[in-house]
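Student: Sharing a structure with you now.
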Amino acid sequence: MRIKNVLYAGLAALLLSSSGCTKTDEADIKDLYNVTPETVKQIDNQRRSIAFILDTSGSMYDRLKGERKIDSAKKSLKEILKTYKEFNDANNNIEAGIFYFSGWATVNNLVPVEKFDYLNLVEKISRLEADSNTPLGRSLAYAERELDKNASGKKYIVLLTDGMNNTGREPSSVWKDIIKTNDEAGDSPTTLYVIAFNTNKEYFKGLEELGAIVYEAKDAAGLSEVLKENTRRILEKY
């Protein structure tokens, strides 16, 4: 199974590369957990800037009721993007990016935080496969940097994962730094949503205590419902 997953991951990397996906350029980042914004921008509270983090660790290849978890996640995410599209078509006020994992602890940029492009998002999501560790803390820092750099509206991170952080700093430690840094820099706060997919939401109690909203989705049907509820939360205050 491990060899098969590696082959899938290799093929996925080639497909993503050929499709214009830009991987994280970490060579120039001295501190992978640095979340201090280079500049503090004035945001438009009527706009929404969402960074989706999709767990593509090896365990996402496990099957749940006959379907690989990665396939369930991709299907549910693509479905909910239709709601974002309808909202953006009417209001032209959404930016979205998607990030995923690869290798030992690398966070990759599937789609940068940019003007909402439904077709591009769906196409890129379709190409994702899973075979990596689970650098949840590192992914939060990366998503926050990307939002600070590119977002023009209220900042949101939606983390969909099926397991615990297993490499690098713990997500609660990183999230505490993000909250503190945004406050000290006078930057707009970021709202974090965590979707515990087929895993125990208690793993994310530390994040919940810091104000993150944590959902639990036991299966594909539950995941679909959770994403609908999450989308309502993000869009309802408009």
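The values are calculated or read from the model by the stated rules, or taken from the named source; none is laboratory data. Source: prediction; values computed, not measured. Neighbour counts are summed over all protein chains in view; Cβ atoms, including those assigned to glycine, are modelled from backbone coordinates with ideal geometry.
Student: Contact list please: Cβ distance under 9 Å, first residue in the range 101-123 and at positive phi, second residue in a strand (DSSP E or B) and not acidic (Asp, Glu), pairs at least six apart or on different chains.
Tutor: Sorted first by the residue in the range 101-123, then by its partner, the pairs are 103/132.
Student: Sticking with this one: Across the range 60-79, what is the number of residues that are buried (at least 19 other Cβ atoms within 10 Å of the Cβ) and under 28 Å from residue 234 (Cα atoms)? Give the steps one after another, and end with the answer.
Tutor: Residues of the range 60-79 buried (at least 19 other Cβ atoms within 10 Å of the Cβ): 60-61, 69-70, 72-74, 76-77.
Applying the additional criterion that residues be under 28 Å from residue 234 (Cα atoms) yields 60, 69-70, 72-74, 76-77.
Within the range 60-79, residues that are buried (at least 19 other Cβ atoms within 10 Å of the Cβ) and under 28 Å from residue 234 (Cα atoms) number 8.
Student: If you take the residues of the range 180-207 that are part of a loop (DSSP other than H, G, I, E, B) and touching a residue at least 60 places away in the same chain (Cβ under 8 Å), which of them is surrounded by the fewest Cβ atoms within 10 Å (Cβ to Cβ)? So that I can check it myself, show each step before the final result.
Tutor: Let us first name the residues in the range 180-207 that are part of a loop (DSSP other than H, G, I, E, B), namely 186-189, 198-200.
Checking the rest, the ones that are also touching a residue at least 60 places away in the same chain (Cβ under 8 Å) come to 186-188, 198.
Numbers: 186: 8, 187: 21, 188: 19, 198: 22.
Filtering the range 180-207 for residues that are part of a loop (DSSP other than H, G, I, E, B) and touching a residue at least 60 places away in the same chain (Cβ under 8 Å), the one surrounded by the fewest Cβ atoms within 10 Å (Cβ to Cβ) comes out as 186.
Student: Has the range 40-47 got at least one residue that is surrounded by 15 or more Cβ atoms within 10 Å (Cβ to Cβ) and at pLDDT 95 or above?
Tutor: Restricting attention to the range 40-47, the residues satisfying the condition of being surrounded by 15 or more Cβ atoms within 10 Å (Cβ to Cβ) are 43, 47.
Applying the additional criterion that residues be at pLDDT 95 or above yields 47.
Yes, the range 40-47 contains a residue that is surrounded by 15 or more Cβ atoms within 10 Å (Cβ to Cβ) and at pLDDT 95 or above.
Student: Please specify each residue of the range 209-225 satisfying the condition of being within 21 Å of residue 165 (Cα to Cα) and out of contact with any Lys or Arg (no Cβ under 8 Å at 6 or more places or on another chain).
Tutor: Let us first name the residues in the range 209-225 that are within 21 Å of residue 165 (Cα to Cα), namely 209-219, 223.
Selection gives 209, 211, 212, 217, 218, 223.
Student: Moving to a separate point now. Give just the number: which of (1) modelled with pLDDT of 95 or more; (2) surrounded by fewer than 19 Cβ atoms within 10 Å (Cβ to Cβ); (3) more than 17 Å from residue 52 (Cα to Cα) does residue 152 not satisfy?
Tutor: Residue 152 satisfies all of (1) modelled with pLDDT of 95 or more; (2) surrounded by fewer than 19 Cβ atoms within 10 Å (Cβ to Cβ); (3) more than 17 Å from residue 52 (Cα to Cα) except (3).
Student: Next up: How many residues does the range 191-214 hold that are within 17 Å of the chain's Cα centre (by Cα), over 24 Å from residue 151 (Cβ atoms) and aromatic (Phe, Trp, Tyr)?
Tutor: Selection size over the range 191-214: 1.
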